[in-house]
1. Would it be correct to say that C:Val112 is facing chain A (nearest Cβ under 7 Å) and either surrounded by 24 or more Cβ atoms within 10 Å (Cβ to Cβ) or at pLDDT 95 or above (or both)?
2. Would you mention how many residues in the stretch B:49-60 are within 7 Å of another protein chain (Cβ to nearest Cβ) and surrounded by fewer than 19 Cβ atoms within 10 Å (Cβ to Cβ)?
3. Please go through the stretch A:16-68 and give me each residue that is under 17 Å from C:Ser53 (Cα atoms) and either in a helix (DSSP H, G or I) or touching a strand residue (DSSP E or B) at 6+ places or on another chain (Cβ under 7 Å) (or both), ordered by number.
4. Only residues that are within 7 Å of another protein chain (Cβ to nearest Cβ), polar (S, T, N, Q) and more than 18 Å from A:Trp17 (Cα to Cα): list them for the stretch C:46-73, please.
5. Return yes or no: is C:Thr151 modelled with pLDDT under 95 and among the hydroxyl-bearing types (Ser, Thr, Tyr)?
6. Within the stretch C:155-162, can one find any residue that is touching a residue at least 40 places away in the same chain (Cβ under 8 Å), within 20 Å of the chain's Cα centre (by Cα) and assigned by TED's automatic domain parsing to the domain that holds C:Arg90?
7. With respect to C:Thr151, is the statement that it is β-branched (Val, Ile, Thr), open to solvent by less than 10 Å² (accessible area, probe 1.4 Å) and under 26 Å from the mean Cα position of the chain (by Cα) true?
Amino acid sequence: MNKIKEFFSKKGMKKAWGYVAGAVLLSVVQVITLASTGSPWGVSGPLMNWGAWTFRLFGGNVNNWHRFSSVGAQATLDAGFFSDPGTIRNLALIFGALLATLLASQFKIKKIKSKKQIIAAVLGGFMMGYGARLAAGCNIGALFSGIASLSLSGWVFALFLFFGAVAGSKILVKYFM
Amino acid sequence: MNEIIIDALGEACPVPLIKAQNAIKEMAVGDVLVLQVDHSCAMKNVPEWARKDGHNVEIEEVDDGEWEVIIEKA
Amino acid sequence: MSEPTKAPSSIKRASSRTRTRKPKKNQIPIGIAVAIVLFLIGIYLAFTNPRLSIFWFTGLAFGFILQKSRFCFTAAMRDPLLTGGTTLTRAVLIAFAITTVGFTVIKYMAYVNGSPIPGQGFIAPIGIATAVGAFVFGIGMVIAGGCASGTLMRVGEGFTMQMLSLLFFVIGSLVGAYDFGWWKLNFIQDAPRVFLPDVFGWVGAVVAQLALIALLYFLALKWEQKSKAA
């Protein structure tokens with residue numbers, strides 16, 4: 001009883017959970033996701049749709065792009081932003097993190113401090129977006145969900161992701177510190 | 001006994017941790033490093049590394065989502 | 001709401017820098033209000049589109065857990081080399097092991113019942129595009145300080161840098177989608193998709209994968225001990 005009280009206290013809310021606790025809980029929600037939606041967790045696919053919608057907003061046409069040529073992809077785009085399940089999940093992910101931060105009284109808008117950070121965010125973000133399209137997913141869809149799905153592609157992704165992280169670390173230390 | 005202050009506010013992981021590691025290397029036993037961070041994962045991975053390395057560590061939340069990780073080299 | 005008086009610090013600080021601290025705000029009331037709104041949105045979705053409400057609530061859970069545990073797939077890949085620490089790497093391996101078992105149970109049950117196996121769309125083709133994509137993604141996530149899920153989580157925490165990174169993630173995705181036709185034609189369409197149970201059988205695939213995870217866990221542990229000693 002005391003433990004529960006402590007958990008919900010101001011101090012308890014500030015406390016970070018352990019990595020293993022995080023791993024177990026994420027796994028449970030991941031398994032629930034497959035069981036309830038018939039598909040594992042993915043993050044980067046909907047982000048591509050965000051791009052397509054924005055492009056359409058500016059008068060662009062993606063319908064003849066190979067990636068969006070399937071009936072399913074067209075239907076998702078035509079249904080719109082708030083009808084795309086993956087988009088809803090991504091928005092919820094942001095709000096879930098916001099909620100956790102607020103309950104810990106740790107929310108603050110953290111401003112960009114240097115030009116280096118701008119370059120890092122622009123370059124890093126772009127590389128991730130492009131890379132995720134080639135590899136059919138990110139650390140969630142291609143790695144976490146891939147491996148959990150007993151797909152060999154998850155392990156191949158992991159191997160080259162690691163090489164990329166090694167190269168990225170070298171670049172980070174050399175140019176962005 | 002020196003005290004070194006490193007401002008790593010606004011720096012994303014792993015920059016604060018690398019800065020702390022580099023600073024500790026140059027410090028003498030008993031010196032104190034004050035690392036200012038606001039990246040929530042840095043207030044976890046920096047103390048974790050420092051404790052494993054055997055230093056004395058204290059974390060102080062100085063503002064909403066802003067911390068000072070105080071490390072005494074041992 | 002006064003903070004309990006702290007035990008005297010064990011660390012002797014050379015300069016007694018008792019900078020006057022700004023009084024911290026208690027954000028819990030806002031947090032509770034936000035929680036209620038998020039919950040009500042979920043309830044609204046449950047009545048209008050039940051499927052979306054599942055995505056909403058699991059998304060909230062993913063975000064909350066990621067933030068609370070500071071879980072980060074990027075750090076799991078980067079820290080072994082950069083800092084020598086493998087705590088997160090090992091936590092990720094634990095997640096792989098649990099979900100391997102959980103997913104296989106679901107998939108095997110569908111297989112036995114003769115219904116289509118769910119989630120097989122995530123068995124991606126393996127080829128040059130996978131390697132290049134993963135490598136580029138790996139560089140990007142280290143530089144940007146977070147992968148896709150980590151970036152979203154940090155947007156929720158209020159990081160302007162990750163908001164910018166998210167914007168360019170979207171732009172990069174769009175350019176990637178534009179080029180996808182070329183990649184598909186040259187590298188993806190003939191690339192094989194390998195579902196491990198097709199190769200090793202159901203039991204064999206799970207055993208082989210869990211053995212690989214265990215081996216990596218052991219190596220990660222040894223790596224941390226080695227880099228600590230150095």
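The values are calculated or read from the model by the stated rules, or taken from the named source; none is laboratory data. Because the structure is a prediction, the values reported are computed rather than measured. Every residue, glycine among them, receives a Cβ derived from its backbone with ideal geometry; neighbour counts consider all protein chains shown. With ligands, DNA and RNA removed, areas are computed over all heavy atoms of the protein, side chains included. Shrake-Rupley method; radii C 1.70, N 1.55, O 1.52, S 1.80 Å.
1. The answer is no for C:Val112.
2. 3
3. A:Val29, A:Gln30, A:Val31, A:Ile32, A:Thr33, A:Leu34, A:Ala35, A:Ser36, A:Thr37, A:Pro46
4. Selection gives C:Thr58 alone.
5. Against the criterion (modelled with pLDDT under 95 and among the hydroxyl-bearing types (Ser, Thr, Tyr)), C:Thr151 does not qualify.
6. Scanning the stretch C:155-162 turns up no residue that is touching a residue at least 40 places away in the same chain (Cβ under 8 Å), within 20 Å of the chain's Cα centre (by Cα) and assigned by TED's automatic domain parsing to the domain that holds C:Arg90.
7. When the stated conditions are applied, C:Thr151 passes them.
One line per residue, one yes/no per condition, for (1) away from chain C (no Cβ under 11 Å); (2) over 19 Å from A:Ile118 (Cβ atoms); (3) over 9 Å from the mean Cα position of the chain (by Cα):
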| site | (1), (2), (3) |
| --- | --- |
| B:Glu3 | no, yes, yes |
| B:Ala12 | no, no, yes |
| B:Asp31 | no, yes, yes |
| B:Val34 | no, yes, no |
| B:Ala42 | no, yes, no |
